[in-house]
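Written below as structure tokens is the structure these notes are about.
Bear in mind these aren't lab numbers, they're just calculated from the coordinates by the rules spelled out. All values derive from a computational prediction rather than experimental measurement. Here the Cβ positions follow ideal geometry from the backbone for every residue, glycine too, while neighbour counts run over all protein chains shown.
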Amino acid sequence: MKRRLSVLTLLSLGLAAQAGALSLNGTVQGEVTPDTRLGGWAVTPFGQPVQELVSAPVTGGRFSLALPDAAPPVRAQVPVDDRLSWPGLIDLTRVSAPAQAAELKFYLYRDTNGSGSHDEGEPLREVRLNVGRGGVFVVWASAATTVTGSRDYQAALERGWNALVVDVRNTVRVQPYTPQTTVQIDLGR
């Protein structure tokens, strides 16, 4: 009986861990080559890429990018305070609990050597992931916290990676990204 219970517990924990993984699923509007990949990069507070944490192929104009499980590199982490430069956050007014954060930005590149990840000499093209009129913002937090700012900005972050849709108009609407939502990357011409 004890063994059966422990096996069921392990299976439940495994399923819960799988359910916690979040993927960004979407399409690329525009021309891409068969060797194109979409990479998620931890960036500095100034937006410079530090390290590719995840990537996925763009096949037939579609992609499915699973968010990473691991924390970002320390040099990409910053305190959650009034120095943040996040989409839609104009004036930070309150942080509910101290935390470190790191942003994940997205880049397309040609994986010319077929390695399945970015290599030196493969130029990066930063892209915006859109959901309707909003943009996808992916951020890692070291602790659960709520960030509040002017124009009704409120982002509730869980510990770990968070995917949010930020819609900036007269007010700022921040909502959790849901896996059923399709993301779109528009490359223009």
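The spacing between region 146-186 and region 59-101, judged by their C-alpha centroids, is 11 Å. Remark on region 105-189: hydrodynamic radius 14.9 angstrom, per the Kirkwood mean of 1/r across alpha carbon pairs.
Relative to the current alpha-carbon distance between L187 and Q175, full extension at 0.36 nm per residue lengthens the span by 1.9 nm.
Proximity of backbone amide H atoms, modeled 1.01 Å from N, is registered between L24 and L65, A66, L67 at under 5 Å, excluding neighbours fewer than 5 places apart on the same chain. With the simple model of a label 7 Å out from the Cα in the direction of the Cβ, A70 to A21 spans 1.5 nm.
For the chain, the 222 nm mean residue ellipticity estimated from helices alone, with every DSSP H stretch of n ≥ 4 adding -39500 (n - 2.57) and the total spread over all residues, rounds to -3500 deg cm²/dmol. Near F106: Cβ cut-off under 10 Å, other residues only, Lys/Arg at +1 and Asp/Glu at -1. The net charge is +2. Annotation: extensible slack from Q48 through T146 equals 32.8 nm (criterion: 0.36 nm per residue apart, minus Cα-Cα distance).
Using the Karplus relation 6.51 cos²θ - 1.76 cosθ + 1.60 with θ = phi - 60°, the per-residue 3J(HN,Hα) values for region 94-111 come to 7, 10, 6, 8, x, 7, 9, 9, 8, 9, 10, 10, 10, 9, 9, 7, 8, 7 Hz, with x marking Gly and Pro. Computed from the C-beta positions of D81 and E158, the FRET efficiency with R₀ = 22 Å rounds to 0.70. The stretch between D119 and R94 holds 5.0 nm of extra length on full extension. This uses 0.36 nm per residue minus the Cα-Cα distance.
Taking a Cβ cut-off of under 14 Å around L38, the surrounding Lys, Arg, Asp and Glu residues balance to a net charge of 0, with basic ones at +1 and acidic ones at -1.
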